[in-house]
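What follows is a single structure, and I will ask about it in a moment.
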Amino acid sequence: MLKRLTIITAMMIMNVTIMFAQWDVQFSDYTAVKSLYNPAVSGTDGLFNAAAAYSLQMAGYDDAPRTMYIGADIPVYFFGPRHGAGVSILNDEIGIFTTQKVNLQYAFNMKMGKKGKLAFGVQGSMLRETIDPKNMKLDDPGDPAFPTSSVNGSGFDLGAGIYYYHPKYWAGISAVHLTEPLLELGETHQITFSRMYYLMAGGNINIKNTLLSLQPSLFVQSDLQSWREDVQCKLTYEYEKRKFYCGVGYSPNTSVTALIGGYFHGIKLGYSYQMYTGGVGLENGSHEIVLSYQTDLDLFKKGRNRHKSVRFL
């Protein structure tokens, strides 16, 4: 998360008007919003999925980063149940910068074995970046590295991904900002979004003769110059369609995360707290809330091939 502040630091020490975008936001409960990072996830599990997430990072600091996400995906049944579609909206604020992103996704999937599916997805996005310096105090008000009033710019972006789904395990690779869009903000400011790559994988392991199961997962994010790796494991208790979970995550040299939540009749509410292991302090971590809903549309399949999704575990 500290790397997201690089853009601000660079502008303060360099008198430049071309800026490079911070890393994309990473939610602590990344398995709850997988389609945000990989468009091939959309509709692949045959279920309607909707999720909303809110994250407040570096709590206690002025102008701390905060992010809101709303998204949904659904299987599309035409020419056979092999298509999926999704839409999402992301609003990310950090200091004087606001990034807004609207994604439209399409996925095509094919059967792999008795229960598995291999999906290919593409994503078209509209990006909008705003710089609003109204609350910023500068020693030199005429510094050309900063605009004197609010400026914004927009552009088109592309993403793509591959995703394998099985009721017991899943994995995917994807890339966003494939076009590396350059946004013009006013007459003198620009911002570039560099390509980002993601690797995700996880599983659903039932503990024999118990009502418990484990959901380990891995998430890697990179621009091929810097890397962030996250490993996570949740322990889930399930009884009569009620589920409760707790978990822990770890990112080397970055943070430790605690997660807790539950879901009932397809509705999930989860909370996580990410504690940074260096630089910021344990009390100035990230708070995150995820609310999601999932249901089986049961169109055209008449009860066949029912399976348990690991999307929100």
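The values are calculated or read from the model by the stated rules, or taken from the named source; none is laboratory data. Remember, predicted model here, so these are calculated numbers, not experimental data. Quick reminder, even Gly has a Cβ in these numbers, built from the backbone with ideal geometry, and neighbours come from all protein chains shown. For the accessible areas, the whole protein counts, side chains as well, though only heavy atoms, and no ligand, DNA or RNA atoms are used. Shrake-Rupley method; radii C 1.70, N 1.55, O 1.52, S 1.80 Å.
Between their Cα atoms, which of Lys34/Lys134; Lys34/Lys241; Lys101/Lys243 are more than 30 Å away from each other?
Listed pairs above 30 Å: Lys34/Lys134; Lys101/Lys243.
Considering only C-alpha atoms, what is the centroid distance from segment 157-198 to segment 59-123, in Å?
11
Now for a different question. Taking R0 as 22 Å, what FRET efficiency do you get between Leu56 and Ala175 from their Cβ-Cβ distance, rounded to the nearest 0.05?
The value I calculate is 0.20.
Continuing with this model, one more query. Give the accessible surface of segment 141-261 per residue, rounded to a whole number of Å², with probe radius 1.4 Å and ligands, DNA and RNA excluded.
For segment 141-261, the per-residue accessible area is 51 Å².
Further question: Once the Cβ-Cβ distance between Phe120 and Arg195 is put in as r, and R0 is 22 Å, what FRET efficiency do you end up with, to the nearest 0.05? Please list the in-between numbers first.
Numbers: r = 19 Å, r/R0 = 0.84.
Calculated value: 0.75.
For segment 201-294, which trypsin sites (Lys or Arg not before Pro) are in a loop by DSSP, counting at most 12 other Cβ atoms within 10 Å?
In loop regions of segment 201-294 (DSSP not H, G, I, E or B), the sparsely surrounded trypsin sites (Lys or Arg not before Pro) are Lys208, Lys241.
Also, I was wondering about something else. Heavy atoms of the protein only, probe of 1.4 Å, neighbouring chains included. What is the accessible area of Asp296 in Å², nearest 10?
Its heavy atoms expose roughly 50 Å² to the probe.
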